[in-house]
Amino acid sequence: MDFLELLNFYVIPGIVIGSIYALGAVGITLIFAILRYAHLAHGDLATLGAFVALAVVSGLGVSPLAALPVAIVATAAVAVGIDKVFYEHLRERPKIVTVMASLGIALMIRSVVQVFWGVDTQTYVRGIVRPEDYFGLRIRDREIYTVLAMLLLVGALQVFLTRSKWGKAMRAMSDNPNLALLSGIDNKKVVVLTWVIAGGLCAAAGFFLGLNTELKSLMGWSMLLPVFAAAILGGVGRVEGAVLGGLIVGVAEELSVLWIPSEYKAGMAFVILLFMLLVRPTGLLRGKVL
Amino acid sequence: MTALLAMEEITGGYGDADILLDVSLKVGKDEIVVIVGPNGAGKSTAMKSVFGLLTIRGGRMMFDGDNITGWAPNRIVQRGICYVPQVDNIFREMSIHENLEMGGFLKKGDLSAAFDRVYTLFPDLKERHKTLAGSLSGGQRQMVAIGRALMLDPKLLLLDEPTAGLSPKYMEQIFQICRDVRDTGVAILLVEQHAKQALAFADRGYVLAAGKNRHEGTGADLLADREVAEMFLGG
Ligand SMILES: Nc1ncnc2c1ncn2[C@@H]1O[C@H](COP(=O)(O)OP(=O)(O)OP(=O)(O)O)[C@@H](O)[C@H]1O
Ligand SMILES: [Mg+2]
């Protein structure tokens, strides 16, 4: 196999799926940084985002990319709502209670998706899209959109966290919640903000997964393990780490089929997760909140 | 003396057990008041009780004419009390400048006057304003912590062992800063491990032991008191 083949069939698809994992992992990392628990409903929230976009595409007849903003806003709203209704009053309880609750929410969201959209596989656009040729590199437009959108969204988030007053308040809350409170930072607002961002990114992850593969009610759930592996690999609490982790997990999964049967591809995330937890539990970029 | 802060017979603790037993103390405008006492006496707890960070079962907290017992921390901060806890009193992963900015979080509008005031008190911080607070030395961290608490221009500053673990040089510097801050019209209540030096520089002091008031008086009186000297100042 030559080098171009390696890039075309393994590395480029790896970067694309890795970008999708990155979008999910950034949310996981933010939620952990602020609220200090693992959010297991993240995958199914992504599924919901993907199907909301589908509803907009088929309902209004717009292009998938035009439906993305709607899906982001709607999913962000749902995330805030779920927190208000289910997680908020568990705040003072041990964190494991919320983790288990989020597992229940995951099943609930999945059921809602199945009730509204059924269990069959669906797509945003029918037909096969042929990749364009860029000096031997074969890339589809949607793959370019996926990577660009990830960079754009995460870039915007970084600017928000480092430049804006409320972004800094989020970092302060993650850094030292007690002192943030003593500085007069309203933690309720920070929590809402966290869910808006995590929910929005989650919708984007689901949308691009649907755009590059297909939509089905289990799509998000099966993304949960690689997304957690990515967040831990990058160092929990680190946005740039989650991006790096997502890309590594994505490329590693694709490359793994060179050695192991492709049915076991999903196991790569598990292997990476185990390896990191054993060797360097704080992640590649030292995690901030562990 | 019209008291700015009056802690009136506060009783309370973290769980079911009471740590503070009828603790009372006052801080007047423009005063530096120090709390001394053995380890575990409840000095930090007394400070936390101002912000309601424990269960208060008796007594009340008066500040500047308001009964602030049970107020949310951000409301108390807004009202004019800023607090530097004994430990974890900076945002480690944020720059010096961002630490100060978070201190001024509740201020509406421009912070530049507040930054100027703090940077004038701590010229070292201005030079290194982009440095991560977590990478600073103990003394400099303490300055960031105090600077953060000064950003809102409080009426009363609570400092819990600001000189713990610092060299005598830094200790003197922190005491000098307390005087400078007081001279700008801010009252200070501080807890000190270095009891002798603190009583020598404070206007008044309280000796706390086992969660109760034991002695109170001017710094000089307490220093001269034989019982206080023998029991709490190491002879
Ligand atoms: N968060 C907490 N939860 C439960 N008990 C606590 C807590 N903080 C302090 N205590 C207990 O309250 C008592 C008083 O502690 P406090 O920290 O107020 O003492 P202190 O006078 O500040 O001591 P030090 O000089 O060591 O700082 C101690 O018995 C301590 O074990
Ligand atoms: Mg103490």
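The values are calculated or read from the model by the stated rules, or taken from the named source; none is laboratory data. Remember, predicted model here, so these are calculated numbers, not experimental data. Virtual Cβ from ideal backbone geometry, glycine too; neighbours counted across all protein chains shown.
If you go through segment B:132-141 and keep only what is within 14 Å of chain A (Cβ to nearest Cβ) and in contact with a Gly (Cβ under 9 Å, 6 or more places away or on another chain), you end up with just B:R141. Close Cβ contacts (under 6 Å, 6 or more residues apart or on different chains) running from residues in segment B:31-43 that are in the same structural domain as B:G219 (by TED's automatic domain parsing) to residues that are among the hydroxyl-bearing types (S, T, Y) comprise B:I35/B:Y206.
Would it be correct to say that B:A72 is more than 16 Å from ligand 2 (Cβ to nearest atom), without any contact (Cβ under 8 Å) to a residue 40 or more places away in the chain and of a type in the set (G, A, S)? The answer is yes for B:A72. Does A:W221 meet the test of being under 15 Å from the mean Cα position of the chain (by Cα), of a type outside the set (D, E, K, R) and surrounded by fewer than 24 Cβ atoms within 10 Å (Cβ to Cβ)? In short, yes. Test B:M61 against the criterion of being under 18 Å from B:I10 (Cα atoms) and within 16 Å of ligand 2 (Cβ to nearest atom), and give yes or no. Here the answer is no, as B:M61 does not meet what is asked. Given the criteria more than 16 Å from the chain's Cα centre (by Cα), farther than 16 Å from A:A205 by Cβ and buried (at least 21 other Cβ atoms within 10 Å of the Cβ), does A:I96 qualify? No; evaluated as a whole, the condition is false for this residue. Please find, within segment B:82-131, the residue that is farthest from the other protein chains (Cβ to nearest Cβ) out of those that are within 16 Å of ligand 2 (Cβ to nearest atom) and in a loop (DSSP other than H, G, I, E, B). If we take residues in segment B:82-131 being within 16 Å of ligand 2 (Cβ to nearest atom) and in a loop (DSSP other than H, G, I, E, B), then B:Q86 is farthest from the other protein chains (Cβ to nearest Cβ).
Does any residue of segment B:152-169 turn out to be more than 16 Å from ligand 1 (Cβ to nearest atom), closer than 22 Å to B:A6 by Cα and more than 14 Å from chain A (Cβ to nearest Cβ)? Within segment B:152-169, one or more residues are more than 16 Å from ligand 1 (Cβ to nearest atom), closer than 22 Å to B:A6 by Cα and more than 14 Å from chain A (Cβ to nearest Cβ).
Can you say whether B:H97 is more than 30 Å from B:L233 (Cα to Cα) and at pLDDT 95 or above, as far as the supplied structure shows? In short, yes. Scanning segment B:176-197 for residues that are within 16 Å of ligand 1 (Cβ to nearest atom) and modelled with pLDDT of 90 or more, we see that the one that is farthest from the other protein chains (Cβ to nearest Cβ) is B:E192.
Where helices (runs of 4 or more DSSP H) sit wholly within segment A:184-290, those with at least 1 residues that are free of Cβ contacts under 8 Å to residues at least 24 places away in the same chain and in contact with a Ser or Thr (Cβ under 9 Å, 6 or more places away or on another chain) occupy A:239-256, A:267-279. Go through segment B:25-45 and give me each residue that's touching a Gly at 6+ places or on another chain (Cβ under 8 Å), within 16 Å of ligand 1 (Cβ to nearest atom) and of a type outside the set (A, V, I, L, M, F, W, C). Scanning segment B:25-45 gives B:G42, B:K43, B:T45.
Within segment B:46-75, restricting attention to residues that are surrounded by 15 or more Cβ atoms within 10 Å (Cβ to Cβ) and under 20 Å from B:A209 (Cβ atoms), the residue that is farthest from ligand 1 (Cβ to nearest atom) is B:G59. Go through segment B:15-53 residue by residue and tally those that are within 13 Å of ligand 2 (Cβ to nearest atom), in contact with a strand residue (DSSP E or B) (Cβ under 7 Å, 6 or more places away or on another chain) and assigned to a loop (DSSP other than H, G, I, E, B). So the count comes out to 5. Every listed requirement among (1) at pLDDT 95 or above; (2) crowded, with 18+ Cβ neighbours inside 10 Å; (3) in contact with a helix residue (DSSP H, G or I) (Cβ under 6 Å, 6 or more places away or on another chain) is met by A:Y124 save one, (1).
Kindly indicate which of A:V119, A:V129 is more than 14 Å from chain B (Cβ to nearest Cβ), in contact with a Lys or Arg (Cβ under 8 Å, 6 or more places away or on another chain) and free of Cβ contacts under 8 Å to residues at least 40 places away in the same chain.
Being more than 14 Å from chain B (Cβ to nearest Cβ), in contact with a Lys or Arg (Cβ under 8 Å, 6 or more places away or on another chain) and free of Cβ contacts under 8 Å to residues at least 40 places away in the same chain holds for just one of A:V119, A:V129, which is A:V129.
When segment B:198-213 is filtered for residues that are more than 11 Å from ligand 1 (Cβ to nearest atom), more than 14 Å from B:K26 (Cα to Cα) and of a type in the set (A, V, I, L, M), the ones remaining, listed by number, are B:A198, B:L199, B:A200.
Checked against the criterion of being within 28 Å of A:I31 (Cα to Cα), within 19 Å of the chain's Cα centre (by Cα) and in a helix (DSSP H, G or I), the candidates A:L181, A:L148 yield just one match: A:L148.
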